[in-house]
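Q: To start, I am sharing the structure in question, which I have written as structure tokens.
The values are calculated or read from the model by the stated rules, or taken from the named source; none is laboratory data. Not measured: the values here are computed from a predicted model. FYI the Cβ positions are ideal-geometry reconstructions off the backbone, even for glycines, and counts take in every protein chain you see.
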Amino acid sequence: MMFSSPSPMGHYSAPQVKMANMNLATIQMNLERQKRLPVNAEAYLDILNRLLEPLAIVQGQMGLRTWLAEVQYFMGLMKQRSFSGRPLMPRERQVLVWYSARWRELRGGPCDMGRPEAQIVLMSLGELARF
């Protein structure tokens with residue numbers, strides 16, 4: 001089994017955890033700022049992509065649950081946008097499909113996207129790109 005992380009069992013050194021905490025704080029600040037702006041799928045997905053690894057290091061397996069909740073929140077914003085008559089732009093569709101496929105590739109370690117709840121969310125992202 002291949003792991004996406006050099007520390008597959010969640011054993012990180014103190015400097016790695018400290019750096020992850022600092023990165024996590026910065027990324028979460030950017031995420032909160034993004035939530036106050038009009039929905040931009042590409043920018044939001046970039047933040048979500050950068051959020052996963054620090055969450056996994058700092059929170060362990062609970063980090064995936066936190067990340068999935070943020071992805072679901074993003075999906076809700078995208079649905080609201082679609083229902084208000086502002087469809088996805090071609091670039092946004094492309095980015096949704098690309099990120100969904102990329103996240104599905106992650107296997108093993110703290111960022112395991114093979115879990116059923118992760119697969120449901122990722123399939124939903126792919127479906128959302130079709131609207």
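Q: Looking at the stretch 56-74, I want the residues that are of a type in the set (Ser, Thr, Tyr) and have a partner that is modelled with pLDDT of 85 or more with Cβ atoms under 6 Å, at least 6 apart or on another chain. Which pairs are those?
A: Every condition considered, the pairs that remain are 66/55.
Q: Among the helices (runs of 4 or more DSSP H) lying completely within the stretch 31-131, list those that include at least 2 residues that are modelled with pLDDT under 70.
A: Numbers: elements: 41-59, 61-83, 90-105, 116-128.
Answer list for the stretch 31-131: 116-128.
Q: Of the numbered conditions (1) in contact with a Ser or Thr (Cβ under 9 Å, 6 or more places away or on another chain); (2) at pLDDT 90 or above; (3) more than 19 Å from residue 125 (Cβ to Cβ), residue 28 satisfies every one except a single condition; which is it?
A: Every condition holds for residue 28 apart from (1).
Q: Right, another one. Taking the condition under 18 Å from residue 17 (Cα atoms) and without any contact (Cβ under 8 Å) to a residue 40 or more places away in the chain, does residue 86 pass? Break it down into steps so the answer makes sense when it comes.
A: Details: under 18 Å from residue 17 (Cα atoms): no; without any contact (Cβ under 8 Å) to a residue 40 or more places away in the chain: yes.
No, not satisfied.
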